[in-house]
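Heads up, the thing below is written out as structure tokens.
The values are calculated or read from the model by the stated rules, or taken from the named source; none is laboratory data. Here the structure is a predicted model, which is why all the values come from computation and not from measurement. Glycine gets a Cβ as well: all are built from the backbone with ideal geometry, and neighbour counts include every protein chain shown.
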Protein chains: 2
Amino acid sequence: MPAFEARADITHLPGILDPAGATVERALPALGYGNVSQVRIGKSIHLIIDAPDAATARAQVDEMCRRILANPVIEAYEIGLTELAR
Amino acid sequence: MPAFEARADITHLPGILDPAGATVERALPALGYGNVSQVRIGKSIHLIIDAPDAATARAQVDEMCRRILANPVIEAYEIGLTELAR
């Protein structure tokens, strides 16, 4: 069965506080990076999934994000998929 | 000055333990996802950066990752850059 490398990029929904991102943003100017704004820190989950085709793999990763990996009440996610050569 | 949206995808280097990823991976089969392996959980940092051009923006984000955002001893990072329309 083909294997796919999936990446789920999980970020806070707009309007949800992101204390880690805000702390980094406040620190950057003193470190010489005054031209940076809107720092947001989220999770990135990489995994390998066996599936008959890319659409099935993407649907399952989407379901896993919705059910387990992300919290859809406060988080948004974006999925990237690459087929692995066998 | 043009603005760019940058994303830094920070993952553990190969060989570095990832207990969070291992825990998720162990839990997935019981939840109906037995076809998933090599789960790795990292950070994803999104930010907006003002810079004269994409090369300068990318070089600064790379420097920030090296100095502050990632720990190059145990982490690898990958940078994505998109120019924002003004």
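Within segment B:1-33, being at the interface with chain A (Cβ under 9 Å from one of its Cβ atoms), within 15 Å of B:Ile79 (Cα to Cα) and of a type outside the set (Val, Ile, Thr) holds for B:Glu5, B:Ala6, B:Arg7, B:Asp9.
Criterion first (within 14 Å of the chain's Cα centre (by Cα), outside any helix (DSSP H, G or I), over 23 Å from A:Gln38 (Cα atoms) and within 12 Å of chain A (Cβ to nearest Cβ)) does B:Arg40 satisfy it? Steps first, please.
Working: within 14 Å of the chain's Cα centre (by Cα): yes; outside any helix (DSSP H, G or I): yes; over 23 Å from A:Gln38 (Cα atoms): yes; within 12 Å of chain A (Cβ to nearest Cβ): yes.
It is true that B:Arg40 is within 14 Å of the chain's Cα centre (by Cα), outside any helix (DSSP H, G or I), over 23 Å from A:Gln38 (Cα atoms) and within 12 Å of chain A (Cβ to nearest Cβ).
Within segment A:1-41, if we keep just the residues that are of a type in the set (Val, Ile, Thr) and touching a residue at least 12 places away in the same chain (Cβ under 8 Å), the residue that is surrounded by the most Cβ atoms within 10 Å (Cβ to Cβ) turns out to be A:Val39.
Within segment A:66-75, does at least one residue satisfy the condition of being modelled with pLDDT of 95 or more, under 12 Å from the mean Cα position of the chain (by Cα) and either assigned to a strand (DSSP E or B) or closer than 23 Å to B:Ile49 by Cα (or both)? Yes, some residue in segment A:66-75 is modelled with pLDDT of 95 or more, under 12 Å from the mean Cα position of the chain (by Cα) and either assigned to a strand (DSSP E or B) or closer than 23 Å to B:Ile49 by Cα (or both). Could you tell me whether any residue of segment A:23-35 is part of a strand (DSSP E or B), at pLDDT 95 or above and β-branched (Val, Ile, Thr)? There is no residue in segment A:23-35 that is part of a strand (DSSP E or B), at pLDDT 95 or above and β-branched (Val, Ile, Thr). Quick one: is A:Ala55 touching a residue at least 60 places away in the same chain (Cβ under 8 Å) and surrounded by fewer than 20 Cβ atoms within 10 Å (Cβ to Cβ)? Answer is no for this residue.
Yes or no: A:Asp50 surrounded by 17 or more Cβ atoms within 10 Å (Cβ to Cβ) and either under 17 Å from B:Glu25 (Cβ atoms) or within 12 Å of chain B (Cβ to nearest Cβ) (or both)? It is false that A:Asp50 is surrounded by 17 or more Cβ atoms within 10 Å (Cβ to Cβ) and either under 17 Å from B:Glu25 (Cβ atoms) or within 12 Å of chain B (Cβ to nearest Cβ) (or both). Of all residues in segment B:76-86, those being touching a helix residue (DSSP H, G or I) at 6+ places or on another chain (Cβ under 8 Å) and either assigned to a helix (DSSP H, G or I) or closer than 20 Å to A:Ala20 by Cβ (or both) number 2.
Taking the criterion of being buried (at least 19 other Cβ atoms within 10 Å of the Cβ) and either in contact with a helix residue (DSSP H, G or I) (Cβ under 8 Å, 6 or more places away or on another chain) or of a type in the set (A, V, I, L, M) (or both), the residues of segment A:58-72 that qualify are A:Val61, A:Met64, A:Leu69, A:Ala70.
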